[in-house]
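Here's the structure, in structure tokens; my notes come after.
The values are calculated or read from the model by the stated rules, or taken from the named source; none is laboratory data. Because the structure is predicted, anything quoted here is derived from the model rather than measured. Note: ideal-geometry Cβ built from the backbone for every residue, glycine included; neighbour counts use all protein chains shown.
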Amino acid sequence: MLELQGIRKSFGKIEVLHGVDLEVRSGEVHALLGENGAGKSTLMKILCGIIPPSAGTIRIQGTEHHFANYDAAIAAGIGIVFQEFSLIPYLNAAENMFLARELRNRLGLLDRRAMRKRAGEIMQRLGVNVPLDVPVQRLSIAEQQFVEIAKALSLDARILVLDEPTATLTPTEVEHLFKVMRELRRQGVAIIFISHHLEEIFQICDRITVLRDGEFVGSCAVSEVDNDRLVEMMVGRRIESSFPPKPVFEASAPVVLEVDNLRIKKNGPVSRFTLRKGEILGFAGLVGSGRTETVLAMLSAGPVASCTLKIDGVEKRLSGPDEALYHGIGLLPESRKEQGLITSFSILQNISLNNYGKYRKGHWFLDLKKERKATQTAMDQVRVKAQGPNARVDTLSGGNQQKVVIARWLNHQMKVLIFDEPTRGIDVGAKAEIYALMREFTAQGNAIIMISSELPEVIGMSDRVCVFRQGGIVATVEGEAISSEQIMTHATTGSIEHVA
Ligand SMILES: Nc1ncnc2c1ncn2[C@@H]1O[C@H](COP(=O)(O)OP(=O)(O)OP(=O)(O)O)[C@@H](O)[C@H]1O
Ligand SMILES: [Mg+2]
């Protein structure tokens with residue numbers, strides 16, 4: 001169906017794709033794998049006519065194509081769902097699907113009926129039932145994802161690219177997506193699938209192609225590789241256990257944060273927890289179980305009906321995340337784009353943000369050399385792949401942007417860091433390094449609250465785990481009890497404490 005040959009791409013003087021080949025057959029799900037910054041998204045943007053290649057050829061069913069833009073690629077039967085969503089929140093599904101390629105009637109007016117009908121037909125082809133008439137911002141993330149797919153698929157699409165579609169989905173939603181992908185595969189569509197969750201590759205993919213640093217490493221059937229071999233192809237070395245050893249748990253360690261009587265809503269469940277010096281406290285639970293809301297409530301950064309907060313034993317009422325910073329508490333948000341980074345700034349500016357005190361020289365000046373050096377060190381720690389500290393954040397790959405957020409906070413000299421889904425979109429190699437840095441941070445006498453939907457990560461990293469259900473903490477487990485069975489049992493059946 002599709003043959004990419006010798007694709008090269010340079011941005012300015014720097015070449016990021018060095019002659020990549022990719023062959024995808026009809027009726028297969030083909031995984032495109034590689035570390036953050038390997039060139040996956042760039043290759044896919046070239047395939048879809050969004051950026052031009054510097055060299056190389058694209059053939060579809062044997063015919064060579066040179067796409068001038070995305071519309072030309074769509075006309076040739078290609079569709080892409082981007083790593084970052086591109087829907088307009090206040091338009092409905094049908095409007096989003098036909099944005100900038102509206103159907104018009106003979107008078108040149110918008111043909112809403114025709115668009116709605118086509119939208120309905122595509123949804124039916126996908127086998128999903130998504131309301132077409134409500135603004136997409138009111139749909140769930142999974143439903144929005146299906147609108148993205150429907151938008152990418154014209155009725156006769158033959159090639160579909162999915163760039164990290166599962167990063168924001170819950171396990172049930174992932175299952176649903178896989179069902180849709182299997183249906184499309186049955187219809188003969190060639191699907192290119194990008195994900196850092198290797199278990200998904202074994203679940204859904206038929207063949208794989210691996211890129212490393214913009215080079216083609218190899219292609220083969222999924223049945224020919226196992227997890228270790230995949231990682232080796234991607235990273236170029238073996239990775240030992242990704243989780244650092246847990247220190248001996250000190251029950252007598254001083255409490256840095258104590259939260260009592262926390263309710264998000266007036267009649268909602270009550271949560272209480274403590275965070276001790278030197279520990280990583282995991283927040284586990286299903287998506288929507290109130291983990292992020294609880295943290296925001298504690299910092300007065302979101303709705304809160306009641307909360308008693310003690311910092312180092314002293315009762316405090318925070319007025320928001322700014323005041324939390326003042327007390328040495330930093331929040332690394334779930335969505336790096338909306339809350340985490342200023343993407344039009346450089347890496348250096350983002351890492352130094354609210355951190356200038358460190359580089360002060362005399363009263364008025366900043367030691368720019370020191371700042372640059374510190375930034376480079378911070379980037380090396382988490383293995384940010386970029387042209388240098390002055391690279392703009394919006395030229396980085398998705399995973400590398402996430403690494404910049406982490407580098408920034410680890411360099412802020414906070415006492416408490418709250419990580420919300422810290423490794424979303426991060427490749428297997430860099431994950432291990434980030435875990436090691438988190439441990440280093442707590443070993444220095446600091447503490448971490450880690451919200452994570454990845455159970456292995458919660459289990460591998462946490463000294464204690466608070467399990468959430470329906471808006472509150474239903475259990476706190478430690479030691480041997482930190483197991484997937486125990487956590488899942490509490491997360492699905494734990495009893496909720498209400499206060500009359
Ligand atoms: N507009 C741009 N200007 C300069 N460099 C760029 C630009 N776009 C991408 N790059 C560089 O190209 C390389 C490949 O990036 P790409 O986004 O394709 O990676 P990726 O494999 O999709 O990674 P991830 O898993 O993190 O999403 C990166 O080093 C990135 O910094
Ligand atoms: Mg990418």
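What to note about this one:
- Among the residues here, Ser41 qualifies as among the hydroxyl-bearing types (Ser, Thr, Tyr) and under 23 Å from Ile201 (Cα atoms).
- Of Leu211, Leu257, Leu230, all but one fail to be within 16 Å of ligand 2 (Cβ to nearest atom) and buried (at least 17 other Cβ atoms within 10 Å of the Cβ); the exception is Leu211.
- Residue in segment 2-25 that is nearest to ligand 2 (Cβ to nearest atom), counting only those that are more than 16 Å from Ser219 (Cα to Cα) and part of a loop (DSSP other than H, G, I, E, B): Gly12
- Tally of residues being part of a helix (DSSP H, G or I) and either surrounded by 24 or more Cβ atoms within 10 Å (Cβ to Cβ) or within 13 Å of ligand 1 (Cβ to nearest atom) (or both) across segment 418-433: 4
- Selection status of Gly12, without any contact (Cβ under 8 Å) to a residue 24 or more places away in the chain and within 12 Å of ligand 1 (Cβ to nearest atom): yes
- Subset tally (residues that are modelled with pLDDT of 85 or more and within 16 Å of ligand 1 (Cβ to nearest atom)) for segment 119-177: 6
- Residue list for segment 434-457, filter: acidic (Asp, Glu) and crowded, with 20+ Cβ neighbours inside 10 Å: Glu457
- Some residue of segment 149-158 being within 20 Å of the chain's Cα centre (by Cα) and on the phi > 0 side of the Ramachandran plot: no
- Answer residue from segment 26-71, given it is without any contact (Cβ under 8 Å) to a residue 60 or more places away in the chain, in contact with a strand residue (DSSP E or B) (Cβ under 9 Å, 6 or more places away or on another chain) and among the small types (Gly, Ala, Ser) and is nearest to ligand 1 (Cβ to nearest atom) among those: Ser54
- For segment 190-208, taking the residues that are within 16 Å of ligand 2 (Cβ to nearest atom) and part of a loop (DSSP other than H, G, I, E, B), the one that is modelled with the highest pLDDT is identified as Ser195.
- Test: Gly278 is part of a loop (DSSP other than H, G, I, E, B), modelled with pLDDT of 90 or more and either more than 23 Å from the chain's Cα centre (by Cα) or surrounded by fewer than 16 Cβ atoms within 10 Å (Cβ to Cβ) (or both): yes
- Met461, sole failed condition from (1) of a type in the set (A, V, I, L, M); (2) out of contact with any Lys or Arg (no Cβ under 7 Å at 6 or more places or on another chain); (3) under 19 Å from Glu200 (Cα atoms): (3)
- Pair list, Cβ under 6 Å, 6 or more apart: segment 397-424 residue in contact (Cβ under 8 Å) with a residue 12 or more places away in the chain, other residue surrounded by fewer than 22 Cβ atoms within 10 Å (Cβ to Cβ) and of a type in the set (Asp, Glu): Asp420/Glu334; Glu421/Glu334
- Qualifying residue in segment 383-403 (condition: within 30 Å of Asp312 (Cβ to Cβ) and crowded, with 19+ Cβ neighbours inside 10 Å): no
- Scanning segment 216-238 for residues that are in the same structural domain as Ala142 (by TED's automatic domain parsing), in contact with a Lys or Arg (Cβ under 6 Å, 6 or more places away or on another chain) and within 20 Å of Arg25 (Cα to Cα) turns up at least one hit.
- Candidates Phe178, Phe243, filtered to the one that is part of a loop (DSSP other than H, G, I, E, B) and under 26 Å from the mean Cα position of the chain (by Cα): Phe243
- Within segment 135-188, tally of residues that are charged (D, E, K, R), over 28 Å from Ala491 (Cα atoms) and more than 16 Å from ligand 2 (Cβ to nearest atom): 7
- Total residues in segment 388-431, condition farther than 22 Å from Glu334 by Cβ, at pLDDT 85 or above and not small (Gly, Ala, Ser): 4
- Any hit, segment 391-411, residues being away from ligand 2 (no atom under 15 Å from the Cβ) and under 14 Å from the mean Cα position of the chain (by Cα): yes
- Of the strands (runs of 3 or more DSSP E) contained entirely in segment 434-500, those carrying at least 1 residues that are among the hydrophobic types (A, V, I, L, M, F, W, C) and closer than 16 Å to Thr423 by Cα fall at 447-451.
- Residue match in segment 217-238 (condition: among the β-branched types (Val, Ile, Thr), in contact (Cβ under 8 Å) with a residue 24 or more places away in the chain, part of a helix (DSSP H, G or I) and within 16 Å of ligand 1 (Cβ to nearest atom)): yes
- Among the residues making up segment 29-84, a single one is among the basic types (Lys, Arg), surrounded by fewer than 23 Cβ atoms within 10 Å (Cβ to Cβ) and within 16 Å of ligand 2 (Cβ to nearest atom): Lys45.
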